[in-house]
Amino acid sequence: MKIIIIGGVAAGTSAAAKARRNNEHADIKLFDADSDISYSGCGLPYFIGTKIADREQLVPRDALFFKQKYNVDVYIRHQVLEIQPHSKVILVRNLVTQEIIQEQYDKLVVATGAKSVVPAIEGLHKANVFYLRNVNSADRIREQVLTTKPKSAVIVGSGFIGLEMAENLTARGVAVSVVEMAAQVMPALDHDMGVYVADHLAEKGVQVIVNDSVIRLEGSPLVTKVILKSGTEIHTDLVVMAVGVKPNVELAHKAGIELGSTGAIKINRKMQTNIQDIYACGDCAESYSLITNKPLYRPLGSTANKMGRIAGDQITGGDLEFRGILGTGIFKVFDLAVGQTGLTEKEGKKAGYEVVVCHNIKPDKPEYYGGNEMVIKAVADKNTGRVLGVQIVGKSGVDKRIDVFVTAITFGAKAEDLFHLDLAYAPPFATTKDPVMYTGMILDNAIRHGRELITPEELKEKLAAGAEIQIIDARVAKQYTAAHVTGAVNIPHEEIRAELDSLDKEKVVVTYCNKGVTGNAAQNILINNGFKKVYNLSGGYKNYSKNS
Ligand SMILES: Cc1cc2nc3c(=O)[nH]c(=O)nc-3n(C[C@H](O)[C@H](O)[C@H](O)COP(=O)(O)OP(=O)(O)OC[C@H]3O[C@@H](n4cnc5c(N)ncnc54)[C@H](O)[C@@H]3O)c2cc1C
């Protein structure tokens, strides 16, 4: 059997390795236009920064390795020009000799990945404007940084690649400005979680400009000034474009391979395209959401590897099938870890769910053992209790919690289930009740026990619409005096029972404390004393102050 794989990074090499494990006798050929294969794209920002000194650490495997270990013939610097499905032939150009060769296949795997989005900006094509996609592009940025020692850089786009670059250029002593067209950094997060990232960037000296876009790059031959739509001008020595990626599908599309609604290659659970014996995997292919069952494009190495393995299995007669994704991601920006899985609040609403949202602020382990506070925003379906998604920011313990949530959500957990998880506990690792369990308790109390939550945004919207709300600050007077929610009265928790007669049971009440726990205690007292509608402010004053 002749197997041909186009693309040799995460998906293509996984497909090749799995195919060989299943079938010792297949003739497996892999073509890649690039000079590097099987590298860690995810490590590239750290190669530009100071964490990875050696290029070989990023690219541990080459064509010889694949020949010796897997008996796979890897052709680097070979670009596939055309797929001819009727004759089961591909045309390939050797980029060194320019020779064009023809290869026959029985099974073809398209793993052509993604490519950087190039926006329509005047003056973009200059030698100090960079994109980060592969090892060669990282080499170019690193070389520029080391040889010209730029004092400043503008990063366009504040997704995870832009922010990882912000950290790593800062580590090289470069003053970084990040320009984001959306109203917040990290637009994939809900706005109220993006705020934590923005504040952390500011603490680390990164200038963040949101709600603005680059319209022109000025300077010749190199860019020296970035002009924004607002008229703001930023002097710079370097520009990194990080405005996203799109699936690299022209070759497939030209061959008649169907694209899905996301623009990536449409595949079934066996990684099959619409054309017999042609499979697709990785960043060029569409996934689907485990929550909505709808197509989802989240080009990540984790998924690309998985899809590649499935494709490799399928083309050699295996029965592995793709089970969809939650769109889980995690990244680090300076001292902050940011994890995300499933639907955000905005995505949940857009998908038609009646969402319940909570902000749970808890340390990852006891404070006496050096615990750091994390903020967990969780979204659940009010009607079924199913957890739909989670976003977490914090300095430690984020990776563990997000993966616990991923596991629970994957198996369809409801909010009420989280409390019952038998999670590991000892002070160096967690708190007695883990933040995951607390999150379940808060959501479940809201969904099934009438302890409703209101987000700072919802409170502001209600007040702006003229709603009459009694807002009770249940903290001690000193905290209230220092700062409080506009319109709140201070009734410390211990005094609420004595003050019940001064409050109107028929009117809507919002209680709050610092992070939510005492606010909930106050809410309990009021509900148990016959108050009709009592909300606890989600995440307490801490969350409110971040979002006001
Ligand atoms: C800076 C950066 C940081 C990242 N960090 C993370 C992270 O932390 N976690 C995570 O999960 N993911 C991360 N990713 C994403 C991850 O790297 C990608 O999802 C992964 O590389 C996708 O693998 P792939 O094999 O599908 O495609 P690609 O890596 O895009 O590889 C496709 C290959 O196909 C080749 N090709 C394309 N067309 C042709 C053709 N016509 N002929 C021959 N060859 C062709 C290309 O040259 C390329 O080498 C990061 C990406 C970048 C750029």
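The values are calculated or read from the model by the stated rules, or taken from the named source; none is laboratory data. What you see is a predicted model; the values in this text were computed from it and never measured. Using ideal geometry, Cβ is built from the backbone for each residue, glycine included, and neighbour counts are taken over all protein chains shown. Calculation scope for accessible area: heavy atoms of the full protein, side chains included, ligands and nucleic acids excluded. Shrake-Rupley method; radii C 1.70, N 1.55, O 1.52, S 1.80 Å.
Remarks
- For region 314-324, the condition of being part of a strand (DSSP E or B), open to solvent by less than 10 Å² (accessible area, probe 1.4 Å), over 30 Å from Leu217 (Cβ atoms) and away from the ligand (no atom under 14 Å from the Cβ) holds for none of the residues.
Yes or no, residue by residue, for (1) under 18 Å from Ile101 (Cβ atoms); (2) surrounded by fewer than 24 Cβ atoms within 10 Å (Cβ to Cβ); (3) away from the ligand (no atom under 13 Å from the Cβ):
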{"site": "Ile5", "(1), (2), (3)": "yes, no, no"}
{"site": "Thr13", "(1), (2), (3)": "no, no, no"}
{"site": "Arg20", "(1), (2), (3)": "no, yes, yes"}
{"site": "Leu30", "(1), (2), (3)": "yes, no, no"}
{"site": "Ala33", "(1), (2), (3)": "yes, yes, no"}
{"site": "Ser38", "(1), (2), (3)": "no, yes, no"}
{"site": "Gly43", "(1), (2), (3)": "no, yes, no"}
{"site": "Thr50", "(1), (2), (3)": "no, yes, yes"}
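- Neighbours by Cβ (under 6 Å, 6+ apart or cross-chain): first from region 232-243, more than 14 Å from Gly123 (Cβ to Cβ) and charged (D, E, K, R); second assigned to a strand (DSSP E or B) and open to solvent by 20 Å² or more (accessible area, probe 1.4 Å): Asp237/Ser152
- Residue selection: Gln84 satisfies the criterion of being closer than 22 Å to Ala264 by Cα and more than 9 Å from the ligand (Cβ to nearest atom).
- Counted as qualifying within region 434-545 are the strands (runs of 3 or more DSSP E) with 2 or more residues that are open to solvent by less than 20 Å² (accessible area, probe 1.4 Å) and at pLDDT 95 or above, namely 469-473, 508-512, 534-537.
- Val110, sole failed condition from (1) open to solvent by 10 Å² or more (accessible area, probe 1.4 Å); (2) touching a strand residue (DSSP E or B) at 6+ places or on another chain (Cβ under 7 Å): (1)
- Test: residue in region 224-236 that is within 16 Å of the ligand (Cβ to nearest atom), surrounded by 21 or more Cβ atoms within 10 Å (Cβ to Cβ), part of a loop (DSSP other than H, G, I, E, B) and modelled with pLDDT of 95 or more: no
- Enumeration of residues in region 284-303 that are of a type in the set (A, V, I, L, M), more than 12 Å from the ligand (Cβ to nearest atom) and closer than 25 Å to Thr13 by Cα: Leu296
- The number of residues in region 239-268 being under 19 Å from Ile5 (Cα atoms) and within 23 Å of the chain's Cα centre (by Cα) comes to 7.
- Listed conditions (1) under 20 Å from His253 (Cβ atoms); (2) modelled with pLDDT under 95 are all met by Ala120, apart from (1).
- Test: residue in region 267-284 that is open to solvent by less than 10 Å² (accessible area, probe 1.4 Å), in a loop (DSSP other than H, G, I, E, B) and within 23 Å of Ala304 (Cα to Cα): yes
- At least 1 residues being over 26 Å from the mean Cα position of the chain (by Cα) is the threshold, and among the helices (runs of 4 or more DSSP H) wholly inside region 1-101 those reaching it are 10-22, 55-58, 63-70.
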